[in-house]
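Written out below as structure tokens is the structure these notes cover.
The values are calculated or read from the model by the stated rules, or taken from the named source; none is laboratory data. Only a predicted model underlies this, so the values are computations on that prediction, with no experimental measurement involved. When we count neighbours, we look across all protein chains shown, and the Cβ atoms used for this are built from the backbone with ideal geometry, even at glycine.
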Amino acid sequence: MVAKRKKTFIVISILCLIIAVAGASLYYWRTQENAKAEEAARARIAEEARIAEEAALEAAARAARLKAVTVKARQPLHQYERPAPPPLVPRETVLAYMEQNPDTVGYIRIEGTKVDYPVVQGTDNQYYLDHTFDHIRATRGSIFVDFNVKMDPEILPRHILIHGHHMRDGSMFHNVSLYKNKQFFADNPYIHFETLYLDTVWQIFSVYVVDSNEYVPMAFRDDAAFIAYAEKTAARSMFPVDVSFTADDVIMTLNTCSYEFGGAHTLLCAKLIEANYDIHWWN
């Protein structure tokens, strides 16, 4: 019995010793890890301070170099007045149509197609859907600019949206759908558009089909939003075109009915590339 108790005591003693040694080892390991972490943190802070100091010194040196080479512009000895730009001359084609219908805002022509029409703009998008240029009620309607576009005879808006029916007899915007053919798209890349004072040329960069409920923006909150929309429009084209956009660009979209599915519309998009008068294009 005594031997058994002695054996039990020895076992318990050994276990206690093992636990004590393990606890001491764990404490030592944790102490070492904490020390390493603190040392790494101090090293990181020191490195960040060194980088910041070097950047400040480099910025100061750059400023000193610029100051040493910058020369203040001299004032001119004489002040000259810039001549006023020449007066704008109304274009006879558009002026003649305006005399027939004051709603006229331009004239559109697309090479290689039957699109060759005066363009009007109403106070809504309903009237010219079923009224001709001569105010006659007819299903073919007119070619018209969306009433949300702020048209001006001297300043082009950033985005011109023009509507026209897809007539089975080939009239109005029927030929816009021809651009869904790759060869036709490549062979007929230009749109001509006149306003009262401007004669402009546009290069087609995109054709794609959308649902009639899709919103087409005509105004943008800033330059970035405009560029993003133009780039997205180009990316949606059935036939990719190598094109880029800046905040100074102006685009045009032609909208007509399509028959891929119920409510389908074909959109043909173009970018302004030429104009007869050098002005600030968009308002």
What residue, among those in the range 258-270 that are hydrophobic (A, V, I, L, M, F, W, C) and modelled with pLDDT of 95 or more, is surrounded by the fewest Cβ atoms within 10 Å (Cβ to Cβ)? Leu267
Where in the range 156-223 are the strands (runs of 3 or more DSSP E), entirely inside, with at least 3 residues that are under 21 Å from Val119 (Cα atoms) and of a type outside the set (A, V, I, L, M, F, W, C)? 190-194, 199-211
In the range 95-120, what residues are assigned to a strand (DSSP E or B) and either among the basic types (Lys, Arg) or in contact (Cβ under 8 Å) with a residue 12 or more places away in the chain (or both)? Thr104, Val105, Gly106, Tyr107, Ile108, Arg109, Ile110, Tyr117, Pro118, Val119, Val120
Every residue from the range 198-253 that is among the small types (Gly, Ala, Ser), more than 19 Å from Val149 (Cβ to Cβ) and crowded, with 18+ Cβ neighbours inside 10 Å: Ala234, Ser237
Any residue that is out of contact with any Lys or Arg (no Cβ under 9 Å at 6 or more places or on another chain) and either free of Cβ contacts under 8 Å to residues at least 24 places away in the same chain or not acidic (Asp, Glu) (or both) - is there at least one of those in the range 197-206? yes
Which ones in the range 121-146 are out of contact with any Phe, Trp or Tyr (no Cβ under 7 Å at 6 or more places or on another chain), assigned to a loop (DSSP other than H, G, I, E, B) and crowded, with 17+ Cβ neighbours inside 10 Å? Phe133, Arg140, Asp146
Do we have any residue at all in the range 142-149 that's under 17 Å from Met252 (Cβ atoms), modelled with pLDDT of 95 or more and charged (D, E, K, R)? yes
Could you say which residue among Pro118, Pro102 is within 19 Å of Thr195 (Cα to Cα) and surrounded by 16 or more Cβ atoms within 10 Å (Cβ to Cβ)? Pro118
Would you check if Phe245 is more than 29 Å from Pro153 (Cα to Cα), touching a helix residue (DSSP H, G or I) at 6+ places or on another chain (Cβ under 7 Å) and not aliphatic (A, V, I, L, M)? no
